[in-house]
Every structure is written in C-alpha cells, then in structure tokens.
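S.K.: The following block contains the structure, expressed as structure tokens.
The values are calculated or read from the model by the stated rules, or taken from the named source; none is laboratory data. Note that the structure is a prediction, hence the values are computed from the model and not measured. FYI the Cβ positions are ideal-geometry reconstructions off the backbone, even for glycines, and counts take in every protein chain you see.
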Amino acid sequence: MSRAPDLSAPRQLIGSPLHEIPTPALILDLPKVAANIEEMRRRMETVPAELRPHAKIHKSPVLGRMQLEAGAIGLTTATVWEATAMLEAGLADVLIANQVVGPRKVAELARLAALGRVITLVDDAGNVEDISAAAVAAGTEIGILVELDVGLHRSGVRAVAPAVELAALVDRLPGLRLLGPFGYEGHCMLEPDREERVRKAKAANAELLELADAFEAQGLPTEIVAAGGLGTWDITGANPRITEIHAGSYIFSDAFHRNLVPGFDPALTVLATVISADGQTAVLDCGRKSIGIDRAPPELVGAAGAIRFEHGEHFIHEEHTAIELEEDRPSVGDTFQLMPGYSPTTVNFYDCYFVAEDGVVVDVWPVLGRYGTETTGTAP
C-alpha cells in the first residue's frame with residue numbers, strides 16, 4: 001500500500017498570506033503554471049510530434065492531470081515510484097523513461113500495468129526476461145521501448161544490431177509488448193549554443209531513426225519512436241518520424257531553463273526568512289538542502305538584489321543563503337522568494353507545494369514518488 005505525506009498541518013495555512021508560511025517552503029504560482037502549460041500546448045501545435053511531459057519535474061498528479069487536459073498524450077516518469085503516484089491517481093498512460101531493475105521494482109512495474117498502460121525502457125536481455133516473468137506472474141502486459149545510446153553514454157544498447165536482437169527477444173516473450181525504439185539526446189539537451197544544439201540533436205535523431213529502419217526491416221513495430229526534451233522540443237519534435245517528446249521543465253522554468261528555452265514564466269519559488277541581517281545583507285534560512293543550485297545559482301524574485309559572493313563563490317551553504325540588496329535594508333523576520341537554479345531537484349526536497357494566487361495560499365498539493373512505495377500516494 002502507498003500513502004501520501006500527512007499534510008494536515010500545511011492545509012491549515014490555506015487562505016493565509018505567503019509571509020505566514022513556515023520556511024523554507026515551496027511556492028507554486030498557479031496562474032503562471034497554467035500559462036506555461038498553455039504556452040507549451042500552443043508550441044506543440046507547430047510540430048508533428050506529440051508531447052508526453054516529464055512528471056519527474058513536478059511529482060504531482062494534480063499537475064500531471066493539468067498537462068493531460070491540455071492535450072498531452074500521457075506522462076513520463078524517471079522512476080517506477082513516480083509512475084505509482086501517477087497511476088494510482090488515475091493518470092493511466094505512463095512511460096518510465098529509464099531501466100527498471102531489481103525484483104521489487106520489477107514487481108511494482110507489473111502491478112502497475114493493471115492500472116493503465118505502462119511502458120518502460122530496456123537495454124539488457126536479463127532485465128527483459130525478468131520483466132516478462134513478472135508480467136506473466138501478475139497477469140499483465142508491459143509496453144517496452146528498446147533504448148539506443150545516441151550519444152549521452154548513460155544507458156542504452158550501444159549499436160543498432162544488438163538493439164534489434166534485443167527487440168526481437170522482447171517481441172517473442174510473453175507479457176511484453178514491443179512498441180518501438182527510444183533514443184534520448186541528453187548530451188545536447190543543455191547545449192547553450194543554439195546552432196551546435198541543432199547539429200548534435202539532428203545527428204542523434206538520425207541514429208535513432210537508423211534503428212527504427214532496422215526494426216521495420218525485421219517486421220518489428222515502431223508504433224512509438226521516442227526522444228527529446230525541452231532543450232530540443234522544436235528540433236527533435238519537428239522530425240516527422242519521431243512520434244513523441246518528453247519535455248517537462250517548461251512547467252516551472254527556473255534560472256537555468258529560462259535562458260535555455262525562453263518564453264516560460266518562472267512559476268516555482270522557495271520562500272525563505274531572514275534570520276540575520278547586517279546593513280543591506282541578509283542571511284536566509286534556506287540553502288543547498290532546500291533549493292536546487294544545479295547549473296545556475298538561485299535568483300531573487302520581487303526584490304532588487306542578488307545572492308552574495310564570498311571568496312569568489314556564491315554564499316549558499318547547507319542551511320543558509322546570503323543575499324545583498326541594492327537599496328533596502330532587510331530586517332530579521334522578513335521573507336523573500338528565490339527562483340531555483342534548477343527546479344526538478346528543488347521539488348525533491350519537499351513534501352508539498354503551497355499553491356498561491358495573488359500572494360495567498362489557495363491549496364496544498366503533495367509531492368509524491370520521491371523514494372519508494374512508503375512515500376508515494378494519490379492526489380488529494
């Protein structure tokens with residue numbers, strides 16, 4: 001059995017202004033999130049691929065449902081536990097864009113296949129056999145994409161011929177349904193030079209389509225040919241043979257993604273309180289344990305100033321962040337909002353979102369699927 005975190009105490013703050021929330025706290029600006037979802041829906045109308053947004057960004061069935069209602073064909077997750085959270089909430093078409101390995105996880109994968117369509121990636125024959133056995137034992141069918149390494153060198157079969165051999169094994173084993181190839185071009189996803197990103201993405205897509213051609217030559221299905229994320233949504237998504245992409249960070253944006261793919265309003269902040277002040281410098285009660293600093297430092301929102309530098313680097317410790325205001329003199333007890341450097345890792349620190357409109361808490365939503373079945377659960 002799975003369960004959601006106990007949100008009885010946070011829910012008592014519904015109707016409160018943001019400055020009354022104990023900090024650090026995760027704040028979701030609902031109008032901005034809705035606008036970002038609509039903007040991505042509009043953009044996807046300009047390319048042939050469909051969107052299966054990555055729920056690892058938000059880990060929220062509520063937000064997943066909003067994405068589906070805006071036209072997404074399903075959801076993507078990074079872990080089987082995230083898939084549990086989505087499927088148990090009734091969101092019934094989930095791709096786990098990862099290998100699911102280990103008896104407990106494979107058994108959970110097979111169980112979830114009774115709740116809706118479940119798809120996962122494979123690159124190893126032994127893992128394929130384990131998934132088949134679990135599906136047979138559970139009386140379910142699991143969708144399979146064979147992953148090809150198209151340049152990220154993280155996972156995936158390393159060449160076309162063995163990938164076709166693996167696909168043939170999937171195709172003949174019980175409890176499995178081969179759907180096609182997968183090739184994530186993550187090595188160019190975050191390339192800041194647009195021309196270089198286009199070149200690398202197209203080269204990676206060509207490798208994936210070589211595998212799709214080989215599948216078809218052997219009579220193997222290519223119902224799904226999947227790749228892509230936010231950084232290549234309009235490159236990979238424009239290829240008429242690629243059926244779906246898995247962009248996700250558009251829903252919140254952040255200090256990094258805002259510059260990589262402009263046009264999405266940063267919708268996620270961490271609320272923090274001044275615990276020490278000296279002139280125009282304030283020390284906040286958040287740090288590396290409560291805000292993602294991957295790829296970019298956090299930024300102040302709604303105030304003129306920046307993260308302070310000390311000894312040549314940003315003053316962001318485990319539990320403290322120092323900011324330097326341009327004009328105002330902060331006082332102990334003041335609150336500030338910080339835009340994360342990287343939203344996905346920020347979300348993973350928290351049990352819930354404080355959902356806000358016009359500076360007031362309007363709802364509290366759980367963050368689910370962070371660890372395992374003990375901490376996953378359904379939407380409120």
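S.K.: For the stretch 230-271, give me each residue that is surrounded by fewer than 21 Cβ atoms within 10 Å (Cβ to Cβ), among the aliphatic types (A, V, I, L, M) and assigned to a helix (DSSP H, G or I).
M.R.: ALA238, LEU260
S.K.: Yes or no: VAL136 farther than 25 Å from GLY228 by Cβ and among the β-branched types (Val, Ile, Thr)? I'd like the intermediate steps shown before the answer.
M.R.: On the way: farther than 25 Å from GLY228 by Cβ: yes; among the β-branched types (Val, Ile, Thr): yes.
When the stated conditions are applied, VAL136 passes them.
S.K.: Would you tally the residues in the stretch 130-170 being aliphatic (A, V, I, L, M) and over 21 Å from ALA110 (Cβ atoms)? Quick ask: steps written out before the conclusion?
M.R.: Step one: of the stretch 130-170, the residues aliphatic (A, V, I, L, M) are 131, 133-138, 142, 144-146, 148, 150, 152, 157, 159-161, 163-164, 166-170.
Next, from what is left, pick out any that are over 21 Å from ALA110 (Cβ atoms): 148, 150, 152, 157, 159-161, 163-164, 168.
Residues flagged as aliphatic (A, V, I, L, M) and over 21 Å from ALA110 (Cβ atoms) within the stretch 130-170 amount to 10.
S.K.: Let me ask something additional. Looking at the stretch 7-25, which of its residues are in contact (Cβ under 8 Å) with a residue 24 or more places away in the chain and either closer than 17 Å to GLY248 by Cβ or small (Gly, Ala, Ser) (or both)? Even if it seems obvious, please write down each step before you answer.
M.R.: The first filter runs over the stretch 7-25 and keeps only residues in contact (Cβ under 8 Å) with a residue 24 or more places away in the chain, leaving 7, 10-11, 13-19, 21, 23-25.
Hits for the stretch 7-25 are GLY15, SER16, ALA25.
S.K.: Going by the conditions given, is ILE291 surrounded by 19 or more Cβ atoms within 10 Å (Cβ to Cβ), of a type outside the set (Gly, Ala, Ser), more than 26 Å from GLY369 (Cα to Cα) and in contact (Cβ under 8 Å) with a residue 40 or more places away in the chain?
M.R.: Values: surrounded by 19 or more Cβ atoms within 10 Å (Cβ to Cβ): yes; of a type outside the set (Gly, Ala, Ser): yes; more than 26 Å from GLY369 (Cα to Cα): no; in contact (Cβ under 8 Å) with a residue 40 or more places away in the chain: yes.
Here the answer is no, as ILE291 does not meet what is asked.
S.K.: Of ALA296, ALA282, which residue is assigned by TED's automatic domain parsing to the domain that holds GLU313, over 30 Å from ILE144 (Cβ atoms) and outside any loop (DSSP other than H, G, I, E, B)?
M.R.: On the way: ALA296 fails: outside any loop (DSSP other than H, G, I, E, B).
After applying the criteria, what remains is ALA282.
S.K.: Filter the stretch 75-84 for residues that are surrounded by fewer than 24 Cβ atoms within 10 Å (Cβ to Cβ) and either touching a residue at least 40 places away in the same chain (Cβ under 8 Å) or in contact with a Ser or Thr (Cβ under 7 Å, 6 or more places away or on another chain) (or both); which is farthest from PRO5 (Cα to Cα)?
M.R.: The initial filter retains those residues of the stretch 75-84 that are surrounded by fewer than 24 Cβ atoms within 10 Å (Cβ to Cβ), namely 78-79, 81.
Remaining after also requiring either touching a residue at least 40 places away in the same chain (Cβ under 8 Å) or in contact with a Ser or Thr (Cβ under 7 Å, 6 or more places away or on another chain) (or both): 79, 81.
Working: THR79: 18, TRP81: 14 Å.
Among those residues, the one meeting the criterion is THR79.
S.K.: Could I ask something else about it? Can you give me the ranges of the strands (runs of 3 or more DSSP E) entirely in the stretch 303-355 with at least 1 residues that are surrounded by fewer than 18 Cβ atoms within 10 Å (Cβ to Cβ) and free of Cβ contacts under 8 Å to residues at least 12 places away in the same chain? Quick ask: steps written out before the conclusion?
M.R.: On the way: elements: 305-307, 321-325, 335-339.
Filter on the stretch 303-355 gives an empty set.
S.K.: If you check ASN205 against the conditions, is it within 22 Å of ALA78 (Cβ to Cβ), polar (S, T, N, Q) and buried (at least 19 other Cβ atoms within 10 Å of the Cβ)? So that I can check it myself, show each step before the final result.
M.R.: Details: within 22 Å of ALA78 (Cβ to Cβ): yes; polar (S, T, N, Q): yes; buried (at least 19 other Cβ atoms within 10 Å of the Cβ): yes.
Judged against the criteria, ASN205 is a match.
S.K.: Next question, about the same structure. Take the conditions touching a Lys or Arg at 6+ places or on another chain (Cβ under 9 Å), closer than 17 Å to VAL170 by Cα and part of a helix (DSSP H, G or I) and apply them to ALA134. Does it pass?
M.R.: Working: touching a Lys or Arg at 6+ places or on another chain (Cβ under 9 Å): yes; closer than 17 Å to VAL170 by Cα: yes; part of a helix (DSSP H, G or I): yes.
Yes.
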